[in-house]
Amino acid sequence: MTESITLLPAVTLLAKFAAKQLSPVEVTRAALARIERLNGRYNAFCLVDAEQAMVAATESERRWMRGEPKGLLDGVPGSIKDLVLTKDWPTGWGSKAILRIPPPDVDAPCVARLREHGAVLLGKTTSPEFGWKGVTDSPRTGITRNPWNRDLTPGGSSGGAAVAAALGMGAVHVGSDGGGSIRIPAAFSGIFGFKPSFGRVPTFPASVYGTLSHVGPMTRCVADAVLMLNVLAEPDSRDWFSLPYEAIDFGQGLEDGIAGLRIAYSPDLGFGGVEAEVAARVIEAAEAFHGLGARVETVDLDLTEARQIFRIHWYAGAAALLRGLSADQHDRIDPGLREVATEGEKYDLATYLDAVKARALLGQKMKEFHCRYDLLLTPSLPITAFAVGTEVADAAHQERWFDWTPFSYPFNLTQQPAASMPCGLTGDGLPVGVQLVGPMHSDGLVLRACRAYESRHPISLPKV
């Protein structure tokens with residue numbers, strides 16, 4: 001029974017708490033036992049605070065016994081990515097360059113909101129150093145492994161969160177996404193990951209990668225992501241980019257289906273190179289959306305200009321990140337991150353401003369595109385998971401991680417809501433993801449479409 005508890009969705013846990021069929025203490029104890037059993041094999045958590053979690057769970061249990069839960073997630077266990085500030089816990093950023101890491105005296109907005117709604121925080125999940133790449137290994141925390149095959153990467157940079165979700169180490173997990181870092185590991189690890197519209201979830205402090213970076217939910221079902229978004233989207237004055245707050249229930253209309261929606265299906269966004277089995281699973285997903293009543297049309301959409309635009313933005317951000325570090329600190333940085341930052345230092349102001357202008361044109365292109373289509377459907381990734389400890393899947397043809405993630409970073413540039421939904425397995429038993437992208441601020445529409453697909457194709461989890 002204990003093992004099965006760990007795989008229950010948050011929405012089910014909350015119903016059982018209300019009916020007094022389960023207690024937050026029982027659920028938290030089971031989640032901690034699951035972490036104890038599996039984390040040594042998969043390295044999803046870099047910090048676990050069992051004592052604090054049990055205190056929070058006990059307080060939650062008392063509230064439920066009084067019939068007075070204090071929020072939307074009271075008693076639900078979850079995790080925070082180790083790039084996000086958590087009061088009383090150090091944030092390590094996966095780095096050995098920061099030798100002294102005192103715990104901050106404030107929570108990031110998403111952490112503060114989760115605490116206010118009674119979530120039980122178990123600990124912090126692994127990331128590559130400063131979240132710089134699309135796989136999860138770092139000098140500080142080592143290699144994180146795929147829940148379907150330990151020899152393979154779970155993706156990144158929110159790889160620890162994806163593994164924790166897939167293996168039942170908590171129900172709700174906070175990830176961040178600057179170029180695909182929620183959707184990449186969601187696809188490789190076979191879970192649901194949602195990057196909201198930029199500004200939907202307040203952040204603090206501002207990311208060194210600027211307006212590329214988003215915070216969002218990583219879960220085992222769409223309903224749990226909706227529940228998380230209702231919490232995470234609440235206002236915080238520290239983020240001057242955040243959207244004006246509206247008390248939106250993103251679950252409203254979640255079960256309304258997608259009949260009549262216009263969905264554009266792009267097999268490759270002009271990049272090409274999609275593995276045959278990945279392409280086959282995504283075509284099946286497109287057909288499933290048609291079967292659900294949507295009007296699905298194959299389109300010739302070319303976003304290949306996004307690659308160079310993203311490269312300049314990302315490398316410039318990496319350069320800013322490492323600027324001011326001592327020589328000794330530089331020596332401790334992941335060599336790949338050093339290389340990226342070195343190139344970023346070479347960009348002059350004119351080059352950067354040209355990329356900013358090109359980014360604006362890309363955003364305009366997508367706004368015009370969505371005048372004709374409600375949603376865009378693509379593969380989440382062109383490949384399945386590859387060997388751990390490497391940045392790229394094919395060193396002969398790929399230079400950096402964004403060479404194998406062409407479907408994710410364009411929508412960080414355009415700031416649109418985008419989700420990765422599992423859409424089946426390959427013959428080798430590896431997950432494939434389908435990506436749904438909506439117009440700016442249409443977060444609820446993307447979630448509704450994902451839920452419609454999930455209602456016919458439930459998410460499968462790895463057996464461990």
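Bear in mind these aren't lab numbers, they're just calculated from the coordinates by the rules spelled out. Since we're looking at a predicted model, the values are computed, not measured. Heads up, the Cβs are rebuilt from the backbone with ideal geometry, glycines too, and the neighbour counts pull from every protein chain shown.
For segment 308-356 versus segment 82-99, the spacing of their alpha-carbon centroids is 21 Å. Count the net charge of all other residues whose Cβ sits under 9 Å from the Cβ of Val296, scoring Lys and Arg as +1 and Asp and Glu as -1. Around Val296, the charge tally is 0. Relative to the Cα centre, the charge distribution of segment 334-464, modelled as +1 at Lys and Arg Cβ and -1 at Asp and Glu Cβ, gives a dipole magnitude of about 660 debye. Ratio of Rg to Rh for segment 178-256: 0.97 [Cα atoms; Kirkwood radius as inverse mean 1/r over pairs]. With Rh defined as the Kirkwood radius, the inverse of the mean 1/r over Cα pairs, the Rg/Rh of segment 1-65 is 0.99. Here segment 314-385 is described by how far its Cα atoms reach on the three principal axes: 53, 37, 13 Å, from widest to narrowest. Modelled spin-label separation between His397 and Lys463, with each label point placed 7 Å from Cα along the Cα-to-Cβ direction: 3.4 nm.
Extension gain, Asp256-Arg238: 0.36 nm per intervening residue step, less the Cα-Cα distance, totals 3.0 nm. Across all C-alpha atoms in the chain, the radius of gyration and Dmax reach 20.6, 62 Å.
Taking every alpha-carbon pair in segment 247-309 and binning the separations at 10 Å intervals from zero gives 19, 36, 29, 15, 0 percent. Beyond 32 Å in Cα-Cα separation lie the following of the pairs Lys365/Lys463; Lys124/Lys463; Lys133/Lys357; Lys96/Lys365; Lys96/Lys463; Lys195/Lys463: Lys365/Lys463; Lys96/Lys365; Lys96/Lys463.
Peptides 33-39, 72-78, 364-370, ordered by how many other C-beta atoms sit within 10 Å of their residues on average, highest first, read 72-78, 33-39, 364-370. Both radii are taken from the alpha-carbon atoms of segment 269-341; with Rh as the Kirkwood radius, Rg/Rh is 1.26. Projected label points at Ala206 and Lys365, each 7 Å from Cα along the beta carbon direction, are separated by 2.7 nanometres. Computed from point charges on the beta carbon alone (+1 for Lys and Arg, -1 for Asp and Glu), the dipole magnitude for the chain about its Cα centre is near 680 Debye.
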